[in-house]
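Taking it in order: structure first as C-alpha cells, then the write-up.
The values are calculated or read from the model by the stated rules, or taken from the named source; none is laboratory data. The structure displayed is predicted, hence computed values, not measured ones. Note that we place each Cβ from the backbone using ideal geometry, even for glycine, and neighbour counts take in every protein chain shown.
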Amino acid sequence: MAFFLDESERLKNLPPYLFVEIDRAKRRAIEKGVRVIDFGVGDPDRPTPAFVLSALSKFIKNPATHHYPLDRGSAEFRRAAARWCEKRFGVTLDPDTEILPLIGSKEGIAHLPLAYLNPGDTALVPDPCYPPYKSGTLFAGGRAHLLPLREENGFLPDFEAVPAEILKKAKIIFVNYPNNPTGAVAPRAFYERLVAWGTKHKILIASDLAYSEIYLGNQKPLSIFEIPGGKETAIEFHSLSKTCNMTGWRVGFAAGRADAISALLRVKANLDSGVFTAIQLTAAEALRKSFGFSKKANLLYKRRRDLLVGGLRKLGFPVEPNPATFYVFTRLPGDARDSTAFCKNLLEKTGIVVTPGVGFGPAGEGYARFTLTVPEPQIREALSRMKKIF
Ligand SMILES: *Cc1c(COP(=O)(O)O)cnc(C)c1O
C-alpha cells in the first residue's frame, strides 16, 4: 500500500475549482450524444495563420535553434517586441533591459509574485479575474486582496478606496484591460490615476494586455506606458496567444521597468530555460505582420458579437455589447442570481456550455461569460435552442 502523500498548504489553499460541476455536466451530455455548443473556453477557434506556420518551418530547420535558449531569450524577438510596442503604442523600450520573452504571458504573470511578495504581503487582484493573479500570489505565500469590478463603474476597480492597513502590505496590483471576463476597456484617465496612485504608494502595477489587439470598435486599447510615469511604475504582459491564434505555442513577453524585468528573469532562470528559439524567431515574424491579421479576426468577432448580443437581448438578458475581447459578459436574465445553477441548468436543458461568473471570483456572481470563439451557425443554433426555455 502506497503511503499517504500530504499535499502542500499552497495546493490545499487554492480556491476550489468552480468549473468542476459544469465540466462534469458537459461530459455527461456528450456521453448522452447531445451536440454540445461550447461557449466556455477562451481559445480562438481559427487556426494559426499560414505565414506563422511557414516561418516556423523555416526556423526549425536551423540547428542553432535546437539548443537551450539564452537567458534573456532571442535578441531578435526582443527587438521585434520593442518595435511592435513602438509602432502600436508609440512607446520606446530597450530590448536588452526592458523586454523579456515568456512561455506564454500566464507564465510571467504567475511567476511575478515570487519576485516581489514575502509571506504575508498582499497583491491587489481584480474580482472577477483571470485566475493566475490569485494562484500566483498564493503560491508566493502572499495574500490576494480582491477589488470588485462593478458594471456601474465600467468594471474598473476602485483602488483609491483600498484601506491604509492593506496598502501597507501591498506590493503589486494586477489590472487587465481589455478585460477577461467582462470585456471592458479602461480609459486614459483610469491609467493616469493608477500611475499616480502606484507611484505614491510604491506599488508595482502589473498590467495584463493579452487582449490589446482584440477590439471591436475604433478605439484602440491603451498601454500604460503611454501615460507619463507609466514605465517607471509598471510591468506589462503581452501575448501572441489571442492576437495571432497561437494559444498552443506558449509565447508572450513582459515589458517595462528594467528592475522588474530582471527580477522576473532571476525567478525564471531558476525555474525554466525559456522559450524554444525557433518559436521566439517565429513570434518575432508574427509581431512584424500581426496588425493586418488581427484586423480581420476582429471583424469576425464583431459579427459574432452582434449576432449573440442581439439574440441574448431578445431573450431577456440585460447585456451590453463588449467593446473589446472575445467575451460577452452578461447579467443573468430575470431574477436568476446563482450563476453556477444557471449554467448547469442551461447545459442540461440545451446542451450549451457557458462559464458561471462566480468562477472568476465572488463579484462575478449573477453573471455568465460567453466566448465568441464559436462560428456563426452554432451561435444561431444556440440562440434557437435557448428560445425554447426563456
Ligand atoms: C488568455 C489570457 C492570457 C494569455 O495567456 P498566454 O499564457 O499568453 O496564452 C493572459 N491574460 C488573460 C486575462 C487571458 O485571458
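Restricting to the stretch 296-321, what's the tally of residues that are over 22 Å from Leu346 (Cα atoms), crowded, with 22+ Cβ neighbours inside 10 Å and in contact with a strand residue (DSSP E or B) (Cβ under 8 Å, 6 or more places away or on another chain)?
Residues flagged as over 22 Å from Leu346 (Cα atoms), crowded, with 22+ Cβ neighbours inside 10 Å and in contact with a strand residue (DSSP E or B) (Cβ under 8 Å, 6 or more places away or on another chain) within the stretch 296-321 amount to 0.
So, in the stretch 176-211, how many residues would count as being within 16 Å of the ligand (Cβ to nearest atom) and at negative phi?
Residues that pass the stated criteria total 17.
Determine if the stretch 275-282 includes at least one residue that is modelled with pLDDT of 95 or more, outside any helix (DSSP H, G or I) and assigned by TED's automatic domain parsing to the domain that holds Ser105.
yes
Condition test on Glu107, is it assigned by TED's automatic domain parsing to the domain that holds Ile224, closer than 23 Å to Tyr17 by Cβ and among the acidic types (Asp, Glu)?
yes
So, Leu312, is that one under 21 Å from the mean Cα position of the chain (by Cα) and away from the ligand (no atom under 16 Å from the Cβ) or not?
Criteria not met by Leu312.
Within 16 Å of the ligand (Cβ to nearest atom), part of a loop (DSSP other than H, G, I, E, B) and surrounded by fewer than 20 Cβ atoms within 10 Å (Cβ to Cβ): which single residue out of Asp71, Asp43 fits that description?
After ruling out the rest, the residue left standing is Asp43.
Inspect all residues belonging to the stretch 8-19 and state whether any of them is hydroxyl-bearing (Ser, Thr, Tyr) and assigned to a helix (DSSP H, G or I).
no
Do you know which residues across the stretch 362-376 are over 16 Å from Pro148 (Cβ atoms) and either hydroxyl-bearing (Ser, Thr, Tyr) or free of Cβ contacts under 8 Å to residues at least 24 places away in the same chain (or both)?
Once the filter is applied, which keeps residues that are over 16 Å from Pro148 (Cβ atoms) and either hydroxyl-bearing (Ser, Thr, Tyr) or free of Cβ contacts under 8 Å to residues at least 24 places away in the same chain (or both), the stretch 362-376 yields Thr371, Thr373.
Select from the stretch 331-382 the residues that are more than 30 Å from Thr48 (Cα to Cα) and of a type in the set (Lys, Arg) and list them in ascending order.
The answer is Arg331, Arg337, Lys344, Lys349.
For the stretch 296-316, give me each residue that is aliphatic (A, V, I, L, M) and either farther than 12 Å from Ile214 by Cβ or at pLDDT 95 or above (or both).
Across the stretch 296-316, the qualifying residues are Leu299, Leu300, Leu307, Leu308, Val309, Leu312, Leu315.
For the stretch 251-276, name all the residues that are of a type outside the set (A, V, I, L, M, F, W, C) and within 16 Å of the ligand (Cβ to nearest atom).
Gly252, Gly256, Lys268, Asp272, Gly274 - these are the residues of the stretch 251-276 that are of a type outside the set (A, V, I, L, M, F, W, C) and within 16 Å of the ligand (Cβ to nearest atom).
Consider Leu347 against the criteria (1) part of a loop (DSSP other than H, G, I, E, B); (2) farther than 19 Å from Ala184 by Cβ: it satisfies all of them except one. Which criterion is unmet?
Evaluating Leu347 over (1) part of a loop (DSSP other than H, G, I, E, B); (2) farther than 19 Å from Ala184 by Cβ leaves (1) as the failure.
Anything in the stretch 96-126 that is assigned to a loop (DSSP other than H, G, I, E, B) and either crowded, with 21+ Cβ neighbours inside 10 Å or hydrophobic (A, V, I, L, M, F, W, C) (or both)? List them, or say none.
Hits for the stretch 96-126 are Glu98, Ile103, Gly104, Leu117.
If Arg28 satisfies all but one of (1) within 16 Å of the ligand (Cβ to nearest atom); (2) in a helix (DSSP H, G or I); (3) surrounded by fewer than 18 Cβ atoms within 10 Å (Cβ to Cβ), what's the number of the condition it fails?
Against the list (1) within 16 Å of the ligand (Cβ to nearest atom); (2) in a helix (DSSP H, G or I); (3) surrounded by fewer than 18 Cβ atoms within 10 Å (Cβ to Cβ), Arg28 comes up short only on (1).
If I go through the stretch 225-260 residue by residue, how many of them are β-branched (Val, Ile, Thr) and in contact with an Asp or Glu (Cβ under 6 Å, 6 or more places away or on another chain)?
3
State all residues of the stretch 212-250 that are charged (D, E, K, R), within 14 Å of Phe291 (Cα to Cα) and within 13 Å of the ligand (Cβ to nearest atom); if no residue qualifies, say none.
Glu213, Lys242
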